[in-house]
Amino acid sequence: MDLFVIASILIVLSALFGYINVRFLKLPNTIGLMIIAILFTLGLFLTSYVNNSLLGLAEKLIAQIDFKTVLLDVMLGFLLFAGAMHTNFEQLRVQRWPVLVFATVGVITSTFLVAFFCSALFNIMEIEVAFIHCLLFGALISPTDPIAVLGIMKKAGVPKKLETKIVGESLFNDGVGVVVFLTILSIAGGSGDGDHGGSSLSGIASLFGQEVFGGIIFGAIIGWITYKLLRTIDDYEIEVMITLACVMGGYVLAHKLHLSAPLAMVVAGLIVGNDTVRDNAMSNTTELFVDKFWELVDMLLNALLFVLIGLELLIIHFQMNHLFAGLVCIILVLLARFLSLIIPVRIFSKKLEFLPHTSKIMAWGGLRGGISIALALSLPEEMNRELFLTITYVVVVFSIIVQGLSIGKLTTRLLGKEMMQPKTVGGHH
């Protein structure tokens with residue numbers, strides 16, 4: 001089956017599932033699409049009791065899709081740039097220090113807490129797993145997913161101050177999380193893009209610094225170049241193309257330079273979406289077309305991604321003890337997330353007037369998504385890949401469906417209706 005046929009089938013399914021969701025379920029698109037895709041997949045399993053040819057065809061289709069490559073190397077740059085471009089730059093600037101701490105210290109703390117908790121669980125369940133492999137799971141499950149978070153926070157009505165912290169953290173911490181994951185993977189002896197850093201302490205620090213800070217600086221440079229190019233012309237078609245070139249060229253170049261491409265896209269998106277840049281570099285017509293183009297790209301890739309997450313069920317081989325471990329890990333991951341937030345929230349709460357119950361809301365609102373599944377799929381077989389893939393899938397599905405649908409209600413209950421902002425459908429800032 002060639003690439004065009006696979007892409008066509010996925011687009012048709014995404015459009016069909018999207019129609020069913022908007023017409024009947026009326027859930028947030030990310031959640032609705034994934035639920036329908038999972039139900040569709042379960043339906044395929046049921047048809048196999050009559051005739052397994054349809055299930056076999058579907059399994060063959062999904063087996064041909066390299067989910068890790070599709071998400072991390074193709075989709076992620078577009079999604080992060082689009083998300084960052086529509087994030088309130090001024091709010092994020094005010095909250096920059098807590099966001100930075102949540103996205104670095106928070107992710108690393110959560111990685112180790114998840115590893116300790118899961119190691120204890122596996123010992124109790126008599127599943128033999130090396131501690132460094134538990135660390136790998138901690139690294140892939142700790143970052144909150146900006147794609148899931150952005151899609152759901154728009155409709156949850158969470159107060160702006162709190163939304164900025166959750167969204168800002170998710171934009172940056174997945175880039176940090178990928179670097180942490182690749183670093184641990186290289187120490188554990190696996191193959192991956194992180195091999196070039198070496199496994200000595202100085203090598204790890206150098207890799208982390210180069211990837212993270214190099215990615216941020218590189219993103220600022222390409223964002224500034226894009227701004228300068230946009231400022232010197234007034235042609236919305238070419239200006240849309242320039243933003244597209246920024247993402248595609250920048251992502252490829254960042255990879256070649258061994259810099260964090262996700263972080264580069266976030267920074268570039270924040271610069272291009274900044275109100276000051278918009279006022280100086282874009283006419284009203286250009287701004288409208290740039291926004292609509294990236295909203296459409298965001299919506300289309302989000303739809304494809306969440307349908308793919310649902311269909312990945314076809315290639316995961318569930319075992320009962322792995323499934324049980326996944327259900328317990330839902331609680332352990334949430335607990336690690338909550339504990340990793342307590343100290344940073346207390347440090348910054350007085351200076352930046354944090355809302356009450358910030359730790360609880362951020363812990364519940366820190367959704368996991370496709371990035372975690374992609375990283376789990378990249379694990380070698382000898383690193384308990386099947387176990388961690390099952391656990392990751394269970395945690396991600398619970399996170400998107402249960403946490404995603406209830407974050408608005410939880411925030412209302414903890415803060416009261418008077419502190420909530422009106423629910424929005426989307427749009428800039």
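The values are calculated or read from the model by the stated rules, or taken from the named source; none is laboratory data. Since the structure is predicted, the reported quantities are computational estimates derived from the model, not experimental observations. As a convention, Cβ positions derive from the backbone with ideal geometry for all residues, glycine included, and neighbour counts pool all protein chains shown. These accessible areas exclude ligands, DNA and RNA; they are computed on the full protein's heavy atoms, side chains included. Shrake-Rupley method; radii C 1.70, N 1.55, O 1.52, S 1.80 Å.
Below, the figures for the structure above:
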{"read-out": "Count of the range 36-45 residues which are open to solvent by 40 Å² or more (accessible area, probe 1.4 Å) and among the small types (Gly, Ala, Ser)", "value": "0"}
{"read-out": "Near pairs, Cβ below 8 angstrom, 6+ apart or cross-chain, from the range 150-179 (at positive phi) to any residue that is surrounded by 24 or more Cβ atoms within 10 Å (Cβ to Cβ) and polar (S, T, N, Q)", "value": "157/411"}
{"read-out": "Odd one out for residue 399 among (1) in contact (Cβ under 8 Å) with a residue 40 or more places away in the chain; (2) open to solvent by 10 Å² or more (accessible area, probe 1.4 Å)", "value": "(2)"}
{"read-out": "Count of the range 215-264 residues which are open to solvent by less than 60 Å² (accessible area, probe 1.4 Å), in a helix (DSSP H, G or I), among the hydrophobic types (A, V, I, L, M, F, W, C) and in contact with a helix residue (DSSP H, G or I) (Cβ under 6 Å, 6 or more places away or on another chain)", "value": "13"}
{"read-out": "Checking residue 392 against (1) in contact (Cβ under 8 Å) with a residue 40 or more places away in the chain; (2) over 21 Å from residue 99 (Cβ atoms); (3) surrounded by fewer than 21 Cβ atoms within 10 Å (Cβ to Cβ), the condition it does not meet", "value": "(3)"}
{"read-out": "Residue in the range 86-96 that is open to solvent by less than 20 Å² (accessible area, probe 1.4 Å) and either at pLDDT 95 or above or in contact with a His (Cβ under 9 Å, 6 or more places away or on another chain) (or both) present", "value": "yes"}
{"read-out": "Some residue of the range 12-35 being surrounded by fewer than 14 Cβ atoms within 10 Å (Cβ to Cβ) and farther than 22 Å from residue 401 by Cα", "value": "yes"}
{"read-out": "Leading residue by the ranking (surrounded by the most Cβ atoms within 10 Å (Cβ to Cβ)) among those in the range 272-288 that are of a type in the set (Gly, Ala, Ser) and closer than 16 Å to residue 225 by Cα", "value": "273"}
{"read-out": "Residue that is surrounded by fewer than 20 Cβ atoms within 10 Å (Cβ to Cβ), part of a helix (DSSP H, G or I) and modelled with pLDDT under 95, where the choices are 330, 343", "value": "343"}
{"read-out": "Test set (1) surrounded by 24 or more Cβ atoms within 10 Å (Cβ to Cβ); (2) within 21 Å of residue 137 (Cβ to Cβ) - residue 381 fails condition number", "value": "(1)"}
{"read-out": "The range 97-128, residues that are in contact (Cβ under 8 Å) with a residue 24 or more places away in the chain, surrounded by fewer than 23 Cβ atoms within 10 Å (Cβ to Cβ) and of a type outside the set (A, V, I, L, M)", "value": "97, 104, 109, 112, 117, 122"}
{"read-out": "Qualifying positions in the range 346-375 - open to solvent by 10 Å² or more (accessible area, probe 1.4 Å) and polar (S, T, N, Q)", "value": "349, 359"}
{"read-out": "Filter pass, residue 336 being farther than 23 Å from residue 79 by Cβ and in contact with a helix residue (DSSP H, G or I) (Cβ under 8 Å, 6 or more places away or on another chain)", "value": "yes"}
